[in-house]
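Below is one structure; the comments refer to it alone.
The values are calculated or read from the model by the stated rules, or taken from the named source; none is laboratory data. Since the structure is predicted, the reported quantities are computational estimates derived from the model, not experimental observations. A quick note on method: Cβ atoms are made from the backbone with ideal geometry, for glycine too, and the neighbour counts reach across all protein chains shown. Just so you know, the surface numbers come from the protein's heavy atoms only, side chains and all, with ligands and any DNA or RNA stripped out. Shrake-Rupley method; radii C 1.70, N 1.55, O 1.52, S 1.80 Å.
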Amino acid sequence: MTPEDWKKGMENEAASVEDAGWALETQVAAHRFWWRAAITAGAMFALIGAVQVLVVHVSWRNATPAGLWFGIMITVALVGAALGALRTGVLEVGVGALAYLPGAWLTVVALQAVLGDVAPRDPGFVDEAVTVLAVIAACAAGSMGHLTVRRTLFRR
């Protein structure tokens with residue numbers, strides 16, 4: 001079965017079902033390309049990691065700000081919720097959030113190559129914490145996706 005056949009079958013199933021919730025979820029599943037969504041989410045989170053390193057390096061040269069980790073978690077939750085509102089899957093958002101760490105570290109390495117000894121030595125957070133970011137992003141996407149589907153169902 002080709003992806004086009006599967007998509008057409010899912011659309012036919014959604015059109016033939018009387019349950020509005022099931023039909024909406026089937027339509028969403030028919031139009032989901034998980035790999036493209038995961039790559040898009042990964043690029044977004046990697047960009048956020050890079051921006052975080054640049055902002056910390058420019059604003060606080062010698063010290064990491066006290067509320068950095070809290071700010072990172074809030075930002076990741078907001079981006080995850082936005083992706084969930086756009087009906088990006090929970091797994092795709094969680095996998096994409098794992099790109100935060102490589103984005104931050106690649107920026108640190110690039111700054112070290114360009115600036116030498118003046119560059120930061122680390123991204124400003126513990127590497128293992130990226131799993132927390134993935135869970136936060138996935139939960140935010142799932143919650144917002146659920147609320148979006150509910151709101152769509154109540155409009156019918």
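Residues in segment 67-77 that are of a type in the set (A, V, I, L, M, F, W, C) and surrounded by fewer than 14 Cβ atoms within 10 Å (Cβ to Cβ) were compared, and the one that is farthest from residue 28 (Cα to Cα) is 70. Every condition in (1) within 16 Å of residue 42 (Cβ to Cβ); (2) open to solvent by 30 Å² or more (accessible area, probe 1.4 Å) is met by residue 133 except one, and the failing one is (2). Against the conditions (1) part of a helix (DSSP H, G or I); (2) in contact with a helix residue (DSSP H, G or I) (Cβ under 9 Å, 6 or more places away or on another chain); (3) of a type outside the set (Val, Ile, Thr), residue 125 satisfies every one except (1). Quick check, is residue 104 touching a Phe, Trp or Tyr at 6+ places or on another chain (Cβ under 6 Å) and either buried (at least 19 other Cβ atoms within 10 Å of the Cβ) or at pLDDT 85 or above (or both)? So residue 104 fails the test.
Every residue, every condition in (1) more than 30 Å from residue 124 (Cα to Cα); (2) in contact with a Phe, Trp or Tyr (Cβ under 9 Å, 6 or more places away or on another chain); (3) in a helix (DSSP H, G or I); (4) modelled with pLDDT under 90, yes or no:
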{"site": "4", "(1), (2), (3), (4)": "yes, no, yes, yes"}
{"site": "41", "(1), (2), (3), (4)": "no, no, yes, no"}
{"site": "55", "(1), (2), (3), (4)": "no, no, yes, yes"}
{"site": "73", "(1), (2), (3), (4)": "no, no, yes, no"}
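For every residue, the table says whether it meets (1) open to solvent by 60 Å² or more (accessible area, probe 1.4 Å); (2) at positive phi; (3) modelled with pLDDT under 75.
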{"site": "13", "(1), (2), (3)": "yes, no, yes"}
{"site": "24", "(1), (2), (3)": "no, no, yes"}
{"site": "31", "(1), (2), (3)": "yes, no, yes"}
{"site": "49", "(1), (2), (3)": "no, no, no"}
{"site": "59", "(1), (2), (3)": "yes, no, no"}
{"site": "65", "(1), (2), (3)": "no, no, no"}
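Considering only residues of segment 80-93 that are surrounded by fewer than 23 Cβ atoms within 10 Å (Cβ to Cβ) and at pLDDT 90 or above, which is farthest from residue 141 (Cα to Cα)? Among those residues, the one meeting the criterion is 82.
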